[in-house]
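Accompanying notes for the structure given below.
FYI, it's all coordinate maths here, none of it is from the lab. Everything numeric in this text was worked out from a predicted model, so none of it was measured. Ideal geometry is used to build each Cβ from the backbone, glycine not excepted, and the neighbour counts take in all protein chains shown.
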Amino acid sequence: MACRPGLGEFFVKNHLVDEVIEIDKRSGTGRKAALSQLAANEWDVIFVPHQSLRTALWMTRLRARRGKVAFHSGWNFPFYKWRVVRPAAYPEALRQLSLLTPFDGTLAELFGDENFARLLSPESQASPFDFREPEIPEWASMQLGTRGADRQRVFLAPGSVWPTKRWTRRGFEALAQLLLQRGFQVELVGSPAEKALCDEIAVKVSGVINRAGQTSLNGLVELFAGGAALIANDSGAMHAAAVAGLPTVAIFGPTVLAQGFRPWQNAAVVVQRKLGCRPCGKHGALVCPLGTHECMETISPGEVLAALQSVL
C-alpha cells in the first residue's frame with residue numbers, strides 16, 4: 001500500500017497489507033524516492049482510488065502485469081486498463097470496494113442487487129439520524145477484532161482538520177461537565193495539531209483525561225476498543241471508532257450525509273441541523289461562508305447528550 005506518512009503502521013500491524021511505501025507529498029525528494037521504489041517493481045494489479053491527474057501521470061511510470069484499475073473519468077482512459085464507474089450515491093467505504101468488482105464477480109453482483117440500495121447515502125438532514133438500521137453487512141464492515149468495553153469511559157474528539165467542521169469548544173466543555181456529573185470517565189483525544197484545542201478544554205474542565213497528541217492511528221484504535229462511546233465531529237476519529245466498533249455520536253456541520261462520509265458502523269447517531277446552506281463544501285472550510293457558523297453554533301450539549309444516551 002502506498003499512503004501518506006503516519007498511516008502505514010496501522011495497516012501492517014493489523015495484517016491488512018504486507019508492505020507500505022509512504023509518500024510525503026510535501027517533499028519533492030520524498031515523492032521522488034517513493035516513486036522510484038514503486039517503479040522498481042513489477043506489480044500484478046494496481047488499484048488507484050485517487051482521481052487526480054498527478055496520480056495518473058505517476059501510473060505511466062509503474063508496471064502491472066494484469067493492469068491498473070481506477071475510477072472512470074472522461075480523461076483517464078490512456079492510463080488505466082479498467083475504469084470502474086464510481087457509485088457516487090453510496091458511502092465512501094462502498095465506493096472504494098467497488099474498485100474490486102473487475103476481479104470479484106460476487107461483489108459485482110452485490111452492487112447490482114436491489115437490496116443493496118438500502119445502503120445508499122441518506123439525503124436526510126434530520127437530527128438525530130440513527131444508523132442502527134439497516135445493518136452494514138459483515139463483508140463490508142470496517143471493524144477489526146472485538147471490544148472489551150468500559151461502560152463508563154467516553155471519548156471526546158473535538159478536533160478536525162477543517163475549522164468549520166468543529167463543534168464549538170464551549171459545547172465540548174459543557175458536555176464534558178455533564179458527563180462527569182453523571183459518573184463517566186471523560187478522555188480527550190486528538191492529533192498533535194489538535195492538542196492545543198484539547199489542552200484548552202482540559203484547563204476549563206477539571207477531571208478530564210487529556211490524551212491528545214499521544215497516540216498513533218493504531219494506538220487510537222486500540223484505545224477506542226476499551227471505551228463505551230465516542231463523541232466526535234465528522235473527522236478521522238469518527239472513522240477510527242468504526243474500525244474499533246466503538247459506538248459513536250458524530251456532529252455534522254458544513255458536510256452532509258449525502259456526500260458519503262457517514263460513520264461506517266451500525267452503532268452510530270448523527271446530530272446535525274437542517275439548513276439550506278449545507279453543505280457549503282466538500283470538506284468544510286476555514287471560515288463559515290455566511291459568517292454565522294449556524295450549523296454548529298446552534299447544537300446544544302443537551303442534544304448531543306441525548307444522542308449519546310440513545311447509542312448507549
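Are there any trypsin sites (Lys or Arg not before Pro) in the stretch 140-236 that are in a DSSP loop and have at most 13 other Cβ atoms within 10 Å? List them by number.
Arg151, Arg182
How large is ³J(HN,Hα) for each residue in the stretch 104-118, as worked out from phi by the Karplus curve 6.51 cos²θ - 1.76 cosθ + 1.60 (θ = phi - 60°), to whole Hz, x for Gly and Pro?
10, x, 5, 5, 4, 5, 4, 5, x, 6, 5, 5, 5, 4, 4
Return P(r) of the stretch 146-269 (all Cα-Cα pairs; 10 Å bins starting at 0; whole %; ordered from short to long distances).
14, 49, 33, 3
Only sites in a loop by DSSP and with at most 13 other Cβ atoms within 10 Å count here; which chymotrypsin sites (Phe, Trp or Tyr not before Pro) in the stretch 43-144 make the cut?
Trp75, Phe103
Check each of the trypsin sites (Lys or Arg not before Pro) in the stretch 43-101 and keep only those in coil by DSSP with at most 12 other C-beta atoms within 10 angstrom; list them in order.
Passing sites in the stretch 43-101 are Arg61.
List the aspartates and glutamates whose Cα lies under 13 Å from the Cα of Lys81, skipping any in the same chain that are fewer than 8 positions away.
List returned: Asp44.
Output wanted: per-residue J couplings in Hz (rounded whole) for the stretch 226-239, from phi through Karplus 6.51 cos²θ - 1.76 cosθ + 1.60, θ = phi - 60°, x for Gly and Pro.
Taking θ as phi minus 60°, the curve returns x, x, 8, 6, 10, 10, 8, 7, 5, 8, x, 4, 4, 6 Hz for the stretch 226-239.
Out of residues 5 or more away from Gln185 or on other chains, whose amide H comes under 5 Å of its own, with H placed 1.01 Å from N in the peptide plane?
Hits under the 5 Å cutoff: Arg153, Val154.
Can you compute the helix-only [θ] at 222 nm over the chain? Use -39500 (n - 2.57) per DSSP H run of at least 4 residues, normalise by all residues, nearest 500 deg cm²/dmol. It would help to have the intermediate numbers written out before the result.
Numbers: 11 runs with 94 residues, N = 312.
Computed mean residue ellipticity for the chain: -8500 deg cm²/dmol.
If you average 1/r across every pair of different Cα atoms in the stretch 2-122 and take the reciprocal, what Kirkwood value do you get, in Å? It would help to have the intermediate numbers written out before the result.
Working: mean 1/r = 0.0627 Å⁻¹.
16.0 Å is the Kirkwood radius here.
Using modelled backbone amide H atoms (1.01 Å from N, in-plane), which distant-in-sequence or interchain residues come within less than 5 Å of Gly67's amide H?
Ile46
What is the local net charge at Ala157, summed over the other residues whose Cβ is closer than 11 Å to its Cβ (Lys, Arg +1; Asp, Glu -1)? Working shown, then result.
Numbers: positive: Arg166, Arg211; negative: Glu187, Glu194, Asp234.
Spelling it out: positives minus negatives among the neighbours equals -1.
Take the alpha carbon atoms of the stretch 226-248, find their center, do the same for the stretch 147-169, and report the distance between the two centers in whole angstrom.
7 Å
Quick one: 3J(HN,Hα) in Hz for the stretch 84-98, Karplus 6.51/-1.76/1.60 with θ = phi - 60°, rounded, Gly and Pro as x.
Along the stretch 84-98, the couplings run 8, 5, 5, x, 4, 6, 9, x, 4, 4, 6, 4, 5, 4, 4 Hz.
Quick one: putting +1 on the C-beta of Lys and Arg, -1 on the C-beta of Asp and Glu, what dipole do you get for the chain around its Cα centre, in Debye to the nearest 20?
In total the dipole reaches around 920 debye.
Please give the charge dipole size of the stretch 85-210, origin at the Cα centre, charges +1 on K and R Cβ atoms and -1 on D and E Cβ atoms. Round to the nearest 20 debye.
700 debye
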